[in-house]
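A short write-up of the structure that comes next.
Just so it is clear, none of the values below were taken in a lab; they were calculated from the coordinates. Model, not experiment: these values are computed from the prediction. For neighbour counting, all protein chains shown are included, and Cβ atoms are generated from backbone atoms with ideal geometry for every residue, glycine included.
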Ligand SMILES: [Zn+2]
Ligand SMILES: [Zn+2]
């Protein structure tokens with residue numbers, strides 16, 4: 001949170017008064033969210049302690065964030081900031097759940113074979129119906145196609161993959177290299193993202 005230094009006034013910081021019974025006048029700055037005035041040490045907004053917050057949040061990453069915020073000595077409890085953060089946490093948890101459901105669900109319809117096949121993964125796993133191939137296809141359809149870089153990658157992939165497939169089909173060794181060092185780590189990353 002950027003500190004707005006243009007506006008300031010000299011007065012007693014409420015946080016200093018409540019926490020340290022310090023009533024000496026200091027230079028105060030307005031919080032851009034709740035519009036309260038605080039000394040530089042107490043200016044950063046932090047979560048207002050809400051009893052149920054810890055039980056509501058399931059994501060360990062967010063739990064850690066909440067724990068840290070609650071223990072922080074600086075900053076001031078800021079209600080608009082808390083509301084904003086709770087929304088962000090809810091949205092992220094909701095998005096992750098949706099992504100997990102989508103990635104694990106089988107592709108809805110089969111389009112032209114060029115569009116639906118994952119040539120390299122299929123060649124490596126021997127069949128396009130392997131679960132791993134399904135996850136990779138969903139990853140491509142749901143995530144890669146959403147960005148320009150992803151679409152460029154997909155197109156490049158379809159241009160070079162016939163050549164790679166030709167090479168793979170001749171060697172079990174290359175198949176196992178690709179399976180263990182490229183596809184497995186990618187699947188692992190995807191699963192990690194989904195399970196959290
Ligand atoms: Zn203060
Ligand atoms: Zn505030």
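Across the stretch 35-80, the qualifying residues are those that are under 28 Å from residue 16 (Cβ atoms), touching a helix residue (DSSP H, G or I) at 6+ places or on another chain (Cβ under 8 Å) and in a loop (DSSP other than H, G, I, E, B), and the one among them that is nearest to ligand 1 (Cβ to nearest atom) is 39. Find the helices (runs of 4 or more DSSP H) located wholly in the stretch 143-196 whose residues include 1 or more that are under 14 Å from residue 103 (Cβ atoms) and free of Cβ contacts under 8 Å to residues at least 40 places away in the same chain, and list them. Helices (runs of 4 or more DSSP H) meeting the threshold: 184-195. Does at least one position in the stretch 81-92 carry a residue that is closer than 30 Å to residue 17 by Cα, in contact (Cβ under 8 Å) with a residue 40 or more places away in the chain and within 16 Å of ligand 2 (Cβ to nearest atom)? The answer is yes, given that some residue of the stretch 81-92 is closer than 30 Å to residue 17 by Cα, in contact (Cβ under 8 Å) with a residue 40 or more places away in the chain and within 16 Å of ligand 2 (Cβ to nearest atom).
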